[in-house]
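Notes follow the structure.
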């Protein structure tokens, strides 16, 4: 057992999981301060839930603090659980635990909608992606009204750049570097890195980046309009997804959400045999390819390069 000075034997035993995970690093320097930090408060209330801290740490890129609990972070937190096939009942329990910690410290937390963000109502694990041809249909769709214009623009940008919603809405044509033919940006969630993504010239991405129209749009409304647009574009091939350990079949448009944009970007690149390490860099995951793997929802065939390895050698290629 790893022991922390200043803690009784019983508390060392109680908090052993968190101690082993390194969440008590620095405790001995300022023990009173530690219990007022987010990590300290969470461990005090839920000592056996270090996986929740691990998940938040993976999202924000460091040991989480109160200031990290923004609306965007909580969206990603819920999404990451749903996207890992976790049972809805487990997701609800974990969200309720986090909500309880925030309730006691609401003034320290930036999120103004944490109650709604962490209230789960029959969530679906949405494991669908859009093909390039389906994305093209959405790009050709004639929008009706300003909300559809905003939603279509940003959903397409997410599909073609792999950016999160909070970054896609900030993109303009100015993000395109003429010399490198790259879109360069600093993600809101990981401001210490710069992400570079090739401009998708084949899909006329620049036309959408040139549209600077912005408006307020909550996630529920955005997702609702994305599904409406996909339905209008006849993205209705039957697919099967997993909902709370049960298979559910329906037209694809029913299971599309904002997150489908990033998932489509990752999956289409993967199916084109782009190395997963490159996909991780373009999605802002750095070297964390395990996170990137969760966005890929299709299996690819053996690559042509692998087939060529087994072919008989000719004089030309010997």
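The values are calculated or read from the model by the stated rules, or taken from the named source; none is laboratory data. Note that the coordinates shown come from a computational prediction; the quantities given were computed from them, not determined experimentally. Cβ sites come from the backbone with ideal geometry, for glycine too, and all protein chains shown count toward neighbours.
Details
- Verdict on residue 215 being at pLDDT below 90, touching a helix residue (DSSP H, G or I) at 6+ places or on another chain (Cβ under 6 Å), exposed (fewer than 13 other Cβ atoms within 10 Å of the Cβ) and not assigned by TED's automatic domain parsing to the domain that holds residue 71: yes
- Scan of region 210-260 for residues that are more than 19 Å from the chain's Cα centre (by Cα), on the phi < 0 side of the Ramachandran plot and part of a loop (DSSP other than H, G, I, E, B), ordered by number: 210, 211, 212, 213, 214, 215, 216, 233, 235, 236, 237
- Of the helices (runs of 4 or more DSSP H) lying entirely inside region 26-120, those containing at least 1 residues that are touching a helix residue (DSSP H, G or I) at 6+ places or on another chain (Cβ under 7 Å), touching a residue at least 40 places away in the same chain (Cβ under 8 Å) and closer than 20 Å to residue 14 by Cβ are 38-45, 50-60, 88-103.
- Within the option set 197, 156, being in contact with a helix residue (DSSP H, G or I) (Cβ under 7 Å, 6 or more places away or on another chain) and part of a strand (DSSP E or B) holds for one residue only, 197.
- Qualifying residue in region 226-243 (condition: in the same structural domain as residue 197 (by TED's automatic domain parsing), closer than 27 Å to residue 189 by Cα and either without any contact (Cβ under 8 Å) to a residue 60 or more places away in the chain or out of contact with any helix residue (DSSP H, G or I) (no Cβ under 7 Å at 6 or more places or on another chain) (or both)): yes
- Checking 298, 280, 266, 305 one by one, the residue that is part of a helix (DSSP H, G or I), outside the structural domain of residue 198 (by TED's automatic domain parsing) and either free of Cβ contacts under 8 Å to residues at least 60 places away in the same chain or closer than 23 Å to residue 200 by Cα (or both) is 305 and no other.
- Test for residue 258: is it in the same structural domain as residue 192 (by TED's automatic domain parsing) and at pLDDT below 95: yes
- Only one of the numbered conditions (1) at pLDDT 95 or above; (2) surrounded by 14 or more Cβ atoms within 10 Å (Cβ to Cβ) is violated by residue 293, and that is (1).
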